[in-house]
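Enquirer: Okay, handing you the structure first.
All of the numbers you see were taken from the coordinates with simple rules; none came from a lab. A quick note: this is a predicted structure, and the numbers were derived from the prediction, not measured. Heads up, the Cβs are rebuilt from the backbone with ideal geometry, glycines too, and the neighbour counts pull from every protein chain shown.
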Amino acid sequence: MKNGLLLVNLGSPASPNSEDVKSYLKEFLSDTNVIEMPKAVWQPILNGIILPTRTWRSSTFYKHIWTKAGSPLIAYTKIIRDNIRQLLPNWNVQMAMTYGQPDIVETLKLMAQKCDKVVVLPLFPQYTQSSSQSIIDQAEAANVPIKIIKHFYDQPEYIKTLAETIQPYLDANDYDELIFSYHSIPTAMVKHGDPYQEQCVETTAQTIKLLNFPSEKIKTAYQSKFGPMPWLKPYLKNELNQLVAMGKRNVLIVTPSFVVDCLETLEEDNVQNYQSFKASGGDNFKLVPPMNDNPDFSQFLADLAQSRMNEAD
């Protein structure tokens, strides 16, 4: 019997067509780890307002980023999986998605037929209820032997790799500001004990130590807010506009909570936030790509999985 490793990412619509996007959004936004509102209240809002208005808009955005290989998030996750298969040839390495396909429970049950135990590794450096916990819940529902890695934001090799992806961009241009932009979450989750914000701040703090760039020119911000409720601030778009108003028109952005390119990096940042920044008078807007096919990141994940497998439960 082999050791197993299941890499799990958020997921993607099967295609950018409206029907597939609507199905994906419905599954995603019906998750009680994502939307804590009572179902009796939320489902009429979701089905009557959100899906009819958001599906067409989201479908348009997905069409902008879709490639010959399909969804960038899925395509890059496959590359990471394949890289780790080369690094761990005696392991059964698979991938699954929190929403959409491949399904976590089905994949784990198939892996259990060949594996004594499977390491489940969510591809989210920082833990939060609205991403990591949904993976954990589904993985545990498979009722097979697993070991879970809840986060890796504080792993020295991860921080080193993150810093090494950023530094060449800092060396190539004279930036006025470096912004670490993380996916935002509702502030209510943090008030209820979610460690996400603390882990984001620590990711920035640890990475700064390895960068050759003035710490006073580095900020942490949050993006991808959804709905009317308060989410973690400062919001990236507002921060960009304020920087321009202060005369800081050359900005570099890194997005550590996204390990592969996706709608948030390719559309929200490289299109919407770029356009907003330029329209407000900004000059140079540059986004550091996520880890994507970085071989050092794949090596880190392989080493992390091996370490977790060797740990006593």
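Enquirer: Roughly how many nanometres apart are two label points built 7 Å out from the Cα toward the Cβ at D313 and E36?
Expert: A separation of 3.0 nm, rounded to one decimal place.
Enquirer: List the relative contact order of the chain as a percent without decimals, with contacts defined as Cα pairs under 8 Å and 6+ residues apart.
Expert: 21 percent
Enquirer: From the Cα gyration tensor of region 156-287, with a ≥ b ≥ c the square roots of its eigenvalues, which class applies: rounded if a/c is under 1.5, or else prolate if a/b is larger than b/c, or else oblate?
Expert: The shape class here is oblate.
Enquirer: What relative contact order, as a whole-number percentage, does region 196-313 give when Cα pairs under 8 Å and 6 or more residues apart are counted?
Expert: Relative contact order of region 196-313: 23 percent.
Enquirer: For the chain, what proportion of DSSP beta bridges, expressed in % and rounded to the nearest 5, is antiparallel?
Expert: Rounded to the nearest five, the antiparallel share is 5 percent.
Enquirer: While we're here: Starting from 0.36 nm per residue, how many nanometres of slack lie between T60 and Q242 once their C-alpha separation is accounted for?
Expert: 62.6 nm
Enquirer: While we're looking at this one, here's another question. Amide H of N284 versus every other amide H placed in the peptide plane: which residues, excluding those fewer than 5 positions away on the same chain, fall under 5 Å?
Expert: Answer set, sorted by chain and number: N250, V251.
Enquirer: Here's a follow-up. Could you list T60, T255, T55 so that the one with the fewest beta carbons within 10 Å of its beta carbon is first and the one with the most is last?
Expert: Final ranking by Cβ density, sparse to dense: T60, T55, T255.
Enquirer: Whole-Hz Karplus ³J(HN,Hα) for region 25-35, in order, using 6.51 cos²θ - 1.76 cosθ + 1.60 and θ = phi - 60°, x for Gly and Pro?
Expert: Those phi angles translate into 4, 5, 5, 4, 7, 9, 6, 6, 6, 8, 10 Hz.
Enquirer: Provide the per-residue ³J(HN,Hα) series for region 174-182, in order, calculated from phi with Karplus coefficients 6.51, -1.76, 1.60 and θ = phi - 60°, each as a whole number of Hz, with x at glycine and proline positions.
Expert: With the stated coefficients, region 174-182 comes to 9, 7, 6, 7, 10, 10, 8, 10, 10 Hz.
Enquirer: Have a look at the DSSP beta bridges in region 156-287 and tell me what percent are antiparallel, nearest 5.
Expert: 5 percent
Enquirer: Above 20 angstrom, tally the Cα pairs of region 241-313 and express them as a % of all pairs, no decimals.
Expert: The calculated P(r) of region 241-313 puts 48 percent of pairs beyond 20 Å.
Enquirer: Please list 3J(HN,Hα) in residue order for region 133-147, calculated via the Karplus relation 6.51 cos²θ - 1.76 cosθ + 1.60 where θ = phi - 60°; whole Hz, with x for glycine and proline.
Expert: Here the 3J(HN,Hα) series is 5, 5, 5, 4, 4, 5, 4, 5, 5, 5, 6, 10, x, 9, 10 Hz.
Enquirer: Taking the Cα centre of the chain as the origin and placing charges on Cβ (Lys, Arg +1; Asp, Glu -1), which of S181, P89, P52 is farthest toward the positive end of the dipole?
Expert: Toward the positive end, the furthest listed residue is P52.
Enquirer: Tell me, what is the FRET efficiency for V271 and A141 to the nearest 0.05, using R0 = 45 angstrom and their Cβ-Cβ distance as r?
Expert: 0.75
Enquirer: Still on this structure, please answer the following. Give me E264, E198 ranked fewest to most by other Cβ atoms within 10 Å of their Cβ, as a rough exposure proxy.
Expert: E198, E264
Enquirer: Between I148 and residues 5 or more places away or on another chain, which pairs have amide H atoms under 5 Å apart, with H built 1.01 Å from N, and which residues are they?
Expert: V120
Enquirer: For the chain, set up a GNM with springs between Cα atoms under 10 Å and report which of P44, P295, P156 has the largest fluctuation.
Expert: Comparing P44, P295, P156 in the GNM, the peak value goes to P44.
Enquirer: Follow-up. What does the highest-first list of 64-70, 166-172, 132-138, 24-30 look like by mean Cβ count within 10 Å?
Expert: So the order, starting with the most tightly packed, is 132-138, 24-30, 166-172, 64-70.
Enquirer: For a quick check of your reading of the filter: which trypsin sites (Lys or Arg not before Pro) in region 162-269 sit in a DSSP loop and have no more than 14 other Cβ atoms within 10 Å?
Expert: K209
Enquirer: Using alpha carbon centroids, what distance separates region 156-198 and region 200-227, in Å?
Expert: Between the Cα centre of region 156-198 and that of region 200-227, the gap is 4 Å.
Enquirer: Related question: Under 10 Å, Cα contacts only: if you run a Gaussian network model on the chain, which one of P234, P89, P122 comes out with the highest mean-square fluctuation?
Expert: P89
Enquirer: List the trypsin sites (Lys or Arg not before Pro) within region 103-142 that fall in a DSSP loop (any state other than H, G, I, E or B) and whose Cβ has at most 15 other Cβ atoms within 10 Å.
Expert: Those satisfying the criteria are K114.
Enquirer: How big is the C-alpha Rg of the chain next to the rule-of-thumb value 2.2 N^0.38 Å, as a ratio?
Expert: In units of the 2.2 N^0.38 Å rule of thumb, it is 1.00.
Enquirer: While we're looking at this one, here's another question. Note down the magnitude of the dipole of the chain about its Cα centre, charges +1 on Lys and Arg C-beta and -1 on Asp and Glu C-beta and zero elsewhere, to the nearest 20 debye.
Expert: About 520 debye.
Enquirer: Show the residues, 5+ positions off or on another chain, whose built amide H is closer than 5 Å to the amide H of K219.
Expert: Long-range HN contacts for K219: L178, I179, F180.
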